[in-house]
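Visitor: This structure is in structure tokens; I'll ask about it shortly.
The values are calculated or read from the model by the stated rules, or taken from the named source; none is laboratory data. Because the structure is a prediction, the values reported are computed rather than measured. Note that we place each Cβ from the backbone using ideal geometry, even for glycine, and neighbour counts take in every protein chain shown. Ligands, DNA and RNA are excluded from the accessible area calculation, which covers all protein heavy atoms including side chains. Shrake-Rupley method; radii C 1.70, N 1.55, O 1.52, S 1.80 Å.
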Amino acid sequence: MKVAVIGSGYVGLVAGACFAESGNQVICMDKDQRKIDSLLNGIIPIYEPGLDAMVEKNAKNGHLRFSTNMKETVEQSTIIFIAVGTPPDEDGSADLSMVLGVAKEIGQHMNGWKVVVDKSTVPVGTAKKVRAVIEKETKHPVDVVSNPEFLKEGAAIDDFMYPDRVVIGVSSTKATEVMRELYTPFVRTGNPIVVMDVVSAEMTKYAANSMLATKISFMNEIANLCDRVGANVENVRQGIATDSRIGHSFIFPGVGYGGSCFPKDVKALIRTARDYHFDTRILRSVEDVNDDQKKILIPKIQKELGNDLTGKTITLWGLSFKPKTDDMREASSRVIIHELHKLGAKINAHDPVAMDEARRLKLDEKVTLFDDNYEALKDSDALVLVTEWLEYREPDYEKMKNLLRTPAVFDGRNIYKPEKMRDMGFTYYSIGRP
Ligand code: NAD
């Protein structure tokens, strides 16, 4: 099949590479000339495990091409995915300018029937808008499909190649057949392709992310209560996780959720509800709890080091919003850095892969970045563990203690054992554990 993916970011590049891997002819298009130049030179502009090998293989065998030219991309493809960003607008709604801009360009270059697929996360009613924009530009027939993406950064290739389910929102049999054919190689183990109407598919993506965000905020609230009543949230977590109705995932307390999806999608769903004169009270609380949670370690740090942190040095381990990605969009580290900076602290930081991203975000104006996580601890008054990268999980505790000026550790992901930290002589704070 001839497939185009417009927008070659975290989602578009992974989708394009995986469609090429299953034998399709794919063009990954992006308006960012530098991104496409770097892909043409074999350099993957993002960090995603396994993506470089897959891109290299499919670029070599000719299944995957890269372009900045919208006209040739549209003309040479039958299925066109829109995978551009949908960042939050000032009022919290999803900014659709990029999606609708791409739709207009697709319409201008149509040379026959096409299936245009909304892969970006877009609010209810967007497919209808995309169709209207395209039909204004062309007389050629078009089917607009909603196909939300559920991949997780850091495990994106696996998630795309072996999805739990594929959701397809369609309004024509012809488009259903095309989408089924395209996705059949990815669901050979029997996971379902769930076909539904377009509006429900658009809603499904927001419902999924909002449910996951709700689980996280709920558990953070329980952890904060554990802190007050003297319970240990780790015991509580294990105690509830074994209930099959609750399950193990997304109930780890920490310094809040970040990333490009949960914060913006919860906001956008609240905003959509408002447009329909409906108040999503649970989701408003999910957001409030998360905003506070990103700052949860600050009073604990102040309790230990004093309210004014002038003259203190604090080291952060982890900058990305979660392990195995360089993505720092809405990362808790950014809020923690902002708060510590405001209180006068000098800040050191290390991250296994997000240092370039931190520089791109100009965080190095506030933070000294170190290539070695232990070097970053030298003469520091405290360590704040923000992202639970594997390499931070079993550190050299003796070395840590010797390098720190005062052995204070603030664990934002509960990865260290309180008893061990106490026995080693650390002053140790975590979340919801005595
Ligand atoms: P991204 O910012 O990494 O990538 C978007 C790309 O689109 C950029 O490379 C940008 O240059 C390109 N672009 C913008 N306007 C363009 C235009 N007019 N023509 C061509 N290219 C254009 O974003 P992302 O993280 O891949 O997210 C894309 C969408 O997928 C969003 O709606 C997001 O909510 C959704 N999504 C993201 C994830 C995730 O984990 N990142 C998961 C599921 C869904």
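Visitor: Mind checking which of Tyr47, Tyr276, Tyr374 has the largest fluctuation in a GNM of the chain, springs on alpha carbons under 10 Å?
Guide: In this elastic network of the chain, the residue with the biggest mean-square fluctuation among Tyr47, Tyr276, Tyr374 is Tyr276.
Visitor: Return a whole-number percent for the relative contact order of the chain, with Cα pairs under 8 Å and 6 or more residues apart as the contact set. Mind dumping the intermediate values first?
Guide: Values: 852 pairs, mean separation 51.2, N = 434.
Relative contact order here is 12 percent.
Visitor: Specify whether the C-alpha gyration tensor of the range 371-434 places it in the rounded, prolate or oblate class, a ≥ b ≥ c being the square roots of the eigenvalues: rounded for a/c under 1.5, otherwise prolate if a/b is larger than b/c and oblate if not.
Guide: oblate
Visitor: Could you report the range 206-293's accessible area per residue, 1.4 Å probe, as an integer in Å²? List each step's numbers first, then the result.
Guide: Working: 4570 Å² over 88 residues.
Per-residue accessible area for the range 206-293 comes out at 52 Å².
Visitor: Taking the Cβ of Val74 as the centre, find all other residues whose Cβ is under 13 Å away and add up their charges (Lys, Arg: +1; Asp, Glu: -1).
Guide: Residues near Val74 contribute 0 overall.
Visitor: Could I get the Rg over Rh figure for the chain? Both from C-alpha atoms, Rh via Kirkwood, rounded to two places. Intermediate results must be reported in sequence, preceding the final value.
Guide: On the way: Rg = 23.3 Å, Rh = 23.2 Å.
Value, to two decimals: 1.00.
Visitor: If you don't mind, there's one more thing I want to ask. What base-10 log of the normalised intensity I(q)/I(0) is obtained for the range 298-429 from the Debye formula, alpha carbons as equal point scatterers, at q = 0.21, 0.22 Å⁻¹?
Guide: Debye output, listed in q order: -1.31, -1.44.
Visitor: Would you mind getting the accessible area per residue of the range 298-429, heavy atoms of the protein chains only, 1.4 Å probe, in Å²?
Guide: Result: 45 Å² of accessible area for each residue.
Visitor: Now, a different point. Could you give the dipole magnitude of the range 298-429 about its Cα centre, charging the beta-carbon of Lys and Arg +1 and that of Asp and Glu -1, in debye to the nearest 20?
Guide: Dipole magnitude for the range 298-429 comes out near 400 debye.
Visitor: Under the Karplus relation 6.51 cos²θ - 1.76 cosθ + 1.60, θ = phi - 60°, what is the ordered set of whole-Hz ³J(HN,Hα) values for the range 403-414, x standing for Gly and Pro?
Guide: So the J values, rounded to whole Hz, are 7, 5, 5, 10, x, 10, 10, 10, 9, x, 10, 6.
Visitor: Mind jotting down the distance between the C-alpha centroids of the range 286-355 and the range 395-434, whole Å?
Guide: The distance from the Cα centre of the range 395-434 to that of the range 286-355 comes to 17 Å.
Visitor: May I pose another question? Among Ile43, Ile270, Ile216, which one shows the biggest mean-square fluctuation in a GNM of the chain, springs joining Cα atoms closer than 10 Å?
Guide: Sorting by GNM fluctuation, first place goes to Ile43.
Visitor: Dipole of the chain (Lys/Arg Cβ +1, Asp/Glu Cβ -1, origin at the Cα centre): which of Val199, Ser210, Ala231 lies farthest to the positive side?
Guide: Looking along the dipole axis, the top candidate is Val199.
Visitor: Here is a follow-up. Net charge around Glu202, counting only other residues with Cβ within less than 10 Å of its Cβ (Lys, Arg = +1; Asp, Glu = -1)? Please list the in-between numbers first.
Guide: On the way: positive: Lys128, Lys205; negative: Asp118, Asp197.
Combined, the nearby Lys, Arg, Asp and Glu give 0.
Visitor: Under a Cβ-only charge scheme (Lys and Arg +1, Asp and Glu -1), can you give me the dipole magnitude of the range 2-196 about the Cα centre, in debye to the nearest 20?
Guide: 660 debye
Visitor: For Asp95, what residues show an amide H to amide H distance below 5 Å, using hydrogens built from the backbone and excluding near sequence neighbours?
Guide: Amide H neighbours of Asp95, under 5 Å, 5+ apart: Asp89.
Visitor: Oh, and also: Of the peptides 73-85, 419-431, how do they stack up when ordered by the mean number of other Cβ atoms within 10 Å, highest first?
Guide: Result, highest mean Cβ count within 10 Å first: 73-85, 419-431.
Visitor: Let me check I've understood the local charge: for Pro123, count other residues with C-beta under 14 angstrom from its C-beta, Lys and Arg +1, Asp and Glu -1. What total comes out?
Guide: Neighbourhood net charge equals 0.
Visitor: Could you point to the residue in Val124, Gln76, Asn307 farthest towards the positive end of the chain's charge dipole, with +1 and -1 charges on the Cβ of Lys/Arg and Asp/Glu respectively?
Guide: Selected residue: Val124.
Visitor: Given the chain, what percent of its DSSP beta bridges are antiparallel, to the nearest 5?
Guide: Antiparallel: roughly 5 percent of the beta bridges in the chain.
Visitor: Please identify the helices of the chain, taking whole runs of DSSP H, that span at least 30 Å along their own axis as judged from the Cα atoms and have a mean Kyte-Doolittle score of -1.0 or higher. Display every interim value, and only then the final one.
Guide: Numbers: long enough: 198-229 (47 Å, 0.34).
TM-like helix candidates: 198-229.
Visitor: Let me spell out the model: positive unit charges on the Cβ of Lys and Arg, negative unit charges on the Cβ of Asp and Glu, origin at the Cα centre of the chain. What dipole size does that give, in debye rounded to 20? Kindly include the intermediate steps, with their values, before the conclusion.
Guide: Working: 57 positive and 62 negative charges, 104 e Å.
Roughly 500 debye for the chain.
Visitor: Place +1 on the Cβ of every Lys and Arg and -1 on the Cβ of every Asp and Glu in the chain, take the dipole about the Cα centre, and give the residue among Trp113, Gly101, Ile222 whose Cα lies farthest towards its positive end.
Guide: Trp113
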